[in-house]
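Peer 1: Below is a structure I'd like to ask you about.
The values are calculated or read from the model by the stated rules, or taken from the named source; none is laboratory data. Predicted model, so just to flag it, every value in this text is computed and none were measured. Virtual Cβ from ideal backbone geometry, glycine too; neighbours counted across all protein chains shown.
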Amino acid sequence: MFKTKPLCLHAVRKFRAVKRGISSDVHLQDLIKRDNEVCRQYRNKSKYLTICNNKYLVHKDSDGSHALLLKQFDERTTLNNIIHSAFVSTEDHEPIFAVSVEEASPEDLYIEPRQGLYLLKEQCAKQATIGMNLLKWQADHKFCSKCASEMVFDLAGRSANCSGCKRTIYPRYNPVVIMLVVHGDYCVLARQTRYPSQVYSALAGFVDVGESVEEAVAREVKEEVNVSVGDIQYNCSQFWGGFIRSTPELMIGCIASTQSMSDLNTNEEIEEAKWFHKDEIREALTRTLQHKKEKDKLYVPPPFAAANQLLQHWCKQ
């Protein structure tokens, strides 16, 4: 739990001076992250999103759409139920924080993170994902992994210092390659057992210690479908919020070419892999975007996913 202390006159004057000198959202974000006094002043005047048991607090409008339910921070009433807090981002010089609470009110509406990716607008989903992962990072690092002393988090929730050995830690995430293997007008998509039966996606895997991105792409493709790739081109990247594993990931999207449409021999991680023509992919992209439910038709990940972005880029070439 984070704690507050009375603001001295010096802190108030410093906050006012800082506020006058802020030139951009990036500047403000940097100040909030590294200066506890500035962070406290802004937090006490900010709005925050609420997370309970890894679910987001939202409200549903009359038209059926969903949005994050942001509350105004009130130090007198808010602190009692808060476990952790973290600075998320700013919008037009207005900071947004995230807090995790112990109990949810019965009348409140909470949704799961994956559900939020479909129901919330992109910016809201991004804010909620950042907030959730920062709060999970705090919950998972209460004690130092070196000396087992208690960790003390800064007010922005973006770093922690060990009360014993004084080491400082920061949130981290793992690099993952996701690649579209192509040959002419055909590409490889695969599905795992946890996917719905009609949903196929690009191949993906963690970057191993000592590997470059290109080496990881070539190795993962060989391991998963026994195909050798040559020309590997970077295309996009995406923060992925740790919905399956506890640690979030940086998805590094690449397009990898192979010289022939060889047979696909999958390993134990892959349920099935197939070659698909570009026309099939275009239809699947449209079908997925329009949420059409058609039996025995190909579906691909939704627009917010890196796999969808790779497919869109390839189809436009």
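Peer 1: Provide a single number: the residues in the stretch 198-233 that are aromatic (Phe, Trp, Tyr) and crowded, with 16+ Cβ neighbours inside 10 Å. If you could, list the steps in order and put the result at the bottom.
Peer 2: Filtering the stretch 198-233 down to residues aromatic (Phe, Trp, Tyr) leaves 200, 206.
Applying the additional criterion that residues be crowded, with 16+ Cβ neighbours inside 10 Å yields 200.
Total meeting the criteria: 1.
Peer 1: Now for a different question. Those residues that are in a strand (DSSP E or B) and in contact with a helix residue (DSSP H, G or I) (Cβ under 6 Å, 6 or more places away or on another chain), I need them from the stretch 41-59; list them, please. Quick ask: steps written out before the conclusion?
Peer 2: Pass one, the stretch 41-59, residues in a strand (DSSP E or B): 47-52, 55-59.
Of everything in the stretch 41-59, those that are in a strand (DSSP E or B) and in contact with a helix residue (DSSP H, G or I) (Cβ under 6 Å, 6 or more places away or on another chain) turn out to be LEU49, ILE51, TYR56.
Peer 1: Regarding ASN161, is this residue modelled with pLDDT of 95 or more and over 27 Å from ARG282 (Cβ atoms)? Write out each step before concluding.
Peer 2: Details: modelled with pLDDT of 95 or more: yes; over 27 Å from ARG282 (Cβ atoms): yes.
Considered against the rule, which asks whether it is modelled with pLDDT of 95 or more and over 27 Å from ARG282 (Cβ atoms), ASN161 comes out as yes.
Peer 1: If you take the residues in the stretch 225-259 that are within 15 Å of LEU311 (Cα to Cα) and touching a Leu at 6+ places or on another chain (Cβ under 8 Å), which one is modelled with the lowest pLDDT?
Peer 2: GLN238
Peer 1: Ok, one more. So, of the residues in the stretch 151-179 that are part of a strand (DSSP E or B) and within 18 Å of the chain's Cα centre (by Cα), which turns out to be nearest to GLN312 (Cα to Cα)? Show your work before the answer.
Peer 2: Within the stretch 151-179, the subset part of a strand (DSSP E or B) is 151-153, 160-162, 168-169, 174-179.
From what's left, within 18 Å of the chain's Cα centre (by Cα): 174-178.
On the way: ASN174: 25, PRO175: 22, VAL176: 20, VAL177: 17, ILE178: 14 Å.
The extreme case among them is ILE178.
Residues checked against (1) outside any helix (DSSP H, G or I); (2) outside the structural domain of ASN81 (by TED's automatic domain parsing); (3) modelled with pLDDT of 95 or more; (4) buried (at least 19 other Cβ atoms within 10 Å of the Cβ):
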{"site": "ALA128", "(1), (2), (3), (4)": "no, no, no, yes"}
{"site": "CYS147", "(1), (2), (3), (4)": "yes, yes, yes, no"}
{"site": "VAL181", "(1), (2), (3), (4)": "yes, yes, yes, yes"}
{"site": "VAL188", "(1), (2), (3), (4)": "yes, yes, yes, yes"}
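Peer 1: A further question on this structure: Within the stretch 169-179, count every residue that is of a type in the set (A, V, I, L, M), farther than 13 Å from MET251 by Cα and touching a residue at least 60 places away in the same chain (Cβ under 8 Å). If you could, list the steps in order and put the result at the bottom.
Peer 2: Looking only at the stretch 169-179, we keep the residues that are of a type in the set (A, V, I, L, M), and these are 169, 176-179.
Filter once more, keeping what is farther than 13 Å from MET251 by Cα: 169.
Cutting the leftovers down to touching a residue at least 60 places away in the same chain (Cβ under 8 Å) gives us none.
The total comes to 0.
Peer 1: Let me ask something else. Quick check on the stretch 238-255. Is at least one of its residues touching a Gly at 6+ places or on another chain (Cβ under 6 Å) and of a type outside the set (Lys, Arg)?
Peer 2: Residues of the stretch 238-255 that are touching a Gly at 6+ places or on another chain (Cβ under 6 Å), as a first pass: 248.
Cutting the leftovers down to of a type outside the set (Lys, Arg) gives us 248.
Yes, that holds for at least one residue.
Peer 1: Looking for whichever is in a strand (DSSP E or B) and of a type in the set (A, V, I, L, M, F, W, C) here; the options are VAL38, VAL88. Which one fits?
Peer 2: VAL88
Peer 1: Pick from LEU119, LEU79, LEU135: which is assigned by TED's automatic domain parsing to the domain that holds ILE51, at pLDDT below 90 and touching a His at 6+ places or on another chain (Cβ under 7 Å)? Before you say what the answer is, go through the steps one by one.
Peer 2: Details: LEU79 fails: touching a His at 6+ places or on another chain (Cβ under 7 Å); LEU135 fails: at pLDDT below 90.
LEU119 is the lone residue from the list that is assigned by TED's automatic domain parsing to the domain that holds ILE51, at pLDDT below 90 and touching a His at 6+ places or on another chain (Cβ under 7 Å).
Peer 1: Shifting gears a bit: Give me a count of the residues in the stretch 239-283 that are among the acidic types (Asp, Glu) and either closer than 30 Å to LEU134 by Cβ or not assigned by TED's automatic domain parsing to the domain that holds LEU298 (or both). Reasoning before the result, please.
Peer 2: Pass one, the stretch 239-283, residues among the acidic types (Asp, Glu): 249, 263, 268-269, 271-272, 279-280, 283.
Now narrow it down to the ones that are either closer than 30 Å to LEU134 by Cβ or not assigned by TED's automatic domain parsing to the domain that holds LEU298 (or both): 249, 269.
Qualifying residue count for the region: 2.
Peer 1: Let me ask something else. Would you please name the residue that is nearest to the chain's Cα centre (by Cα), looking only at residues in the stretch 203-228 that are part of a loop (DSSP other than H, G, I, E, B) and over 26 Å from PRO303 (Cβ atoms)?
Peer 2: We begin by selecting, within the stretch 203-228, every residue part of a loop (DSSP other than H, G, I, E, B); these are 207-212, 226-228.
Still in the list and also over 26 Å from PRO303 (Cβ atoms): 208-212, 226-228.
Working: ASP208: 21, VAL209: 22, GLY210: 24, GLU211: 23, SER212: 22, ASN226: 30, VAL227: 30, SER228: 30 Å.
The selected residue is ASP208.
Peer 1: Next question. Would you mention how many residues in the stretch 229-285 are among the hydroxyl-bearing types (Ser, Thr, Tyr) and not in a loop (DSSP other than H, G, I, E, B)? Before you say what the answer is, go through the steps one by one.
Peer 2: Within the stretch 229-285, the subset among the hydroxyl-bearing types (Ser, Thr, Tyr) is 234, 237, 246-247, 257-258, 260, 262, 266.
Within this subset, residues satisfying the condition of being not in a loop (DSSP other than H, G, I, E, B) are 234, 237, 257.
Final tally of qualifying residues: 3.
Peer 1: Okay, moving on. If a residue must be within 21 Å of the chain's Cα centre (by Cα), under 20 Å from ASN81 (Cα atoms) and in contact (Cβ under 8 Å) with a residue 60 or more places away in the chain, how many such residues does the stretch 26-63 contain?
Peer 2: 5
Peer 1: Could you run through the stretch 251-264 and say how many residues are under 11 Å from the mean Cα position of the chain (by Cα) and either surrounded by fewer than 16 Cβ atoms within 10 Å (Cβ to Cβ) or small (Gly, Ala, Ser) (or both)? Can you show your working first?
Peer 2: Initially, the stretch 251-264 is screened for residues under 11 Å from the mean Cα position of the chain (by Cα), giving 251.
Checking the rest, the ones that are also either surrounded by fewer than 16 Cβ atoms within 10 Å (Cβ to Cβ) or small (Gly, Ala, Ser) (or both) come to none.
Within the stretch 251-264, residues that are under 11 Å from the mean Cα position of the chain (by Cα) and either surrounded by fewer than 16 Cβ atoms within 10 Å (Cβ to Cβ) or small (Gly, Ala, Ser) (or both) number 0.
Peer 1: So, one more: Based on this model, can you work out whether LEU117 counts as among the hydrophobic types (A, V, I, L, M, F, W, C), out of contact with any helix residue (DSSP H, G or I) (no Cβ under 6 Å at 6 or more places or on another chain) and closer than 30 Å to PRO303 by Cα?
Peer 2: Taking the combined requirement at face value, the residue does not satisfy it.
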